[in-house]
Amino acid sequence: MNRSMKTFKKIFLYTLAGFALIQLIPTDKVNQPVDRRVNFTDVNKTPGKIAGLLKGACYDCHSNETVYPDYAYIAPVSWSVKSHVNEGREHMNLSVWNTYNKDLKESMLTQSIQTLRNRSMPMPGYIVYHREANLSDAERALLVQYFEGLLESKSY
């Protein structure tokens, strides 16, 4: 066996061992309980069709109702998924909607409209693995119309 083959085997084995070891680094995937008294769809009595779109396209990253897919349990992918969920919840957590003040709610609704219109949400990488999040133009328009209606009525 030549030297380069031995080097390759060592690198491969160390890489494999490293991959196995990083699986031991835990990521917290426990969702906080959802209080229906402050949850967006409950507070706003969101119609079923709209609620379905929100659950399919938004709730995994923007609520405490995240459903983690199988690939979210394999490091280092799990770290990236958890980071995206944490960041999404920091920007807007629909599970605690009614704990936000009126100005923040208005800002979040306005931002949601903008991200739907410019197609920056749901994130393109998320859509690849979650077909239900790949919103059609009509579905995007429906969400925008719903959010605009909330803004106009100031009933958020």
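Given the DSSP H assignment, sum -39500 (n - 2.57) over each helix run of at least 4 residues in the chain and divide by its residue total; what's the result at 222 nm in deg cm²/dmol, nearest 500? Write down the numbers at each step before the final one.
Details: 7 runs with 88 residues, N = 156.
After summing the helix terms and dividing by the residues of the chain, the value is -17500 deg cm²/dmol.
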Legend entry - aspartates and glutamates whose Cα lies under 12 Å from that of Lys49, excluding same-chain neighbours fewer than 8 positions away: Glu139
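Ignoring ligands, DNA and RNA, what accessible area per residue does the chain give at 1.4 Å, in Å²? List each step's numbers first, then the result.
On the way: 9890 Å² over 156 residues.
Value for the chain: 63 Å² per residue.
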Inset, instruction - Would you work out what percent of the accessible area of the chain, with all protein chains in place, is carbon or sulfur (probe 1.4 Å)? - result: 60
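Ordering Tyr126, Tyr14 by accessible area with a probe of 1.4 Å, largest first, what comes out?
On the way: Tyr126 40, Tyr14 170 Å².
Sorted by accessible area, descending: Tyr14, Tyr126.
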Legend entry - Kirkwood-based shape ratio for segment 96-156, expressed as Rg/Rh from alpha carbons: 1.02
Inset, instruction - Roll a 1.4 Å probe over the protein heavy atoms and report the accessible area of Thr99 in Å², nearest 10. - result: 90
Inset, instruction - Given the peptides 47-60, 107-120, arrange them by the average over their residues of other C-beta atoms within 10 Å, most packed first. - result: 47-60, 107-120
Legend entry - Binned Cα-Cα distances of the chain, short to long, each 5 Å bin given as a whole percent: 2, 8, 16, 19, 16, 12, 8, 5, 4, 4, 3, 2, 2, 1, 0, 0
Inset, instruction - Anything over 25 Å Cα to Cα? Flag those among Lys45/Lys102; Lys55/Lys154; Lys82/Lys102, in the order listed. - result: Lys82/Lys102
Legend entry - In Å², nearest 10: area of Ile11 left accessible to a 1.4 Å probe: 100
Inset, instruction - Give me the accessible area of Glu132, 1.4 Å probe, in Å² rounded to the nearest 10. - result: 100
Inset, instruction - Mind checking which of Leu16, Thr115, Gly48 is farthest towards the positive end of the chain's charge dipole, using Cβ charges of +1 (Lys, Arg) and -1 (Asp, Glu) about the Cα centre? - result: Leu16
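Only four residue types carry charge here, +1 at the Cβ of Lys and Arg and -1 at the Cβ of Asp and Glu. Report the dipole size of the chain about the Cα centre in Debye, rounded to the nearest 20. Before the final figure, lay out the partial values.
Details: 19 positive and 15 negative charges, 140 e Å.
Approximately 680 debye in magnitude.
Probe radius 1.4 Å, ligands and nucleic acids left out: which of Val77, Val144 has the largest accessible area, and how do the rest follow?
On the way: Val77 65, Val144 10 Å².
Descending order: Val77, Val144.
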Inset, instruction - Before anything else, pin down the relative contact order of the chain: Cα pairs under 8 Å, at least 6 apart, normalised by residue count, whole percent. - result: 26
Inset, instruction - Please give, to one decimal in nm, the separation of the simple spin-label points placed at Tyr14 and Gln111, each 7 Å out from Cα toward the Cβ. - result: 4.3
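The values are calculated or read from the model by the stated rules, or taken from the named source; none is laboratory data. What you see is a predicted model; the values in this text were computed from it and never measured. For neighbour counting, all protein chains shown are included, and Cβ atoms are generated from backbone atoms with ideal geometry for every residue, glycine included. We work out accessible area using only protein heavy atoms, side chains counted, and drop any ligands, DNA or RNA first. Shrake-Rupley method; radii C 1.70, N 1.55, O 1.52, S 1.80 Å.
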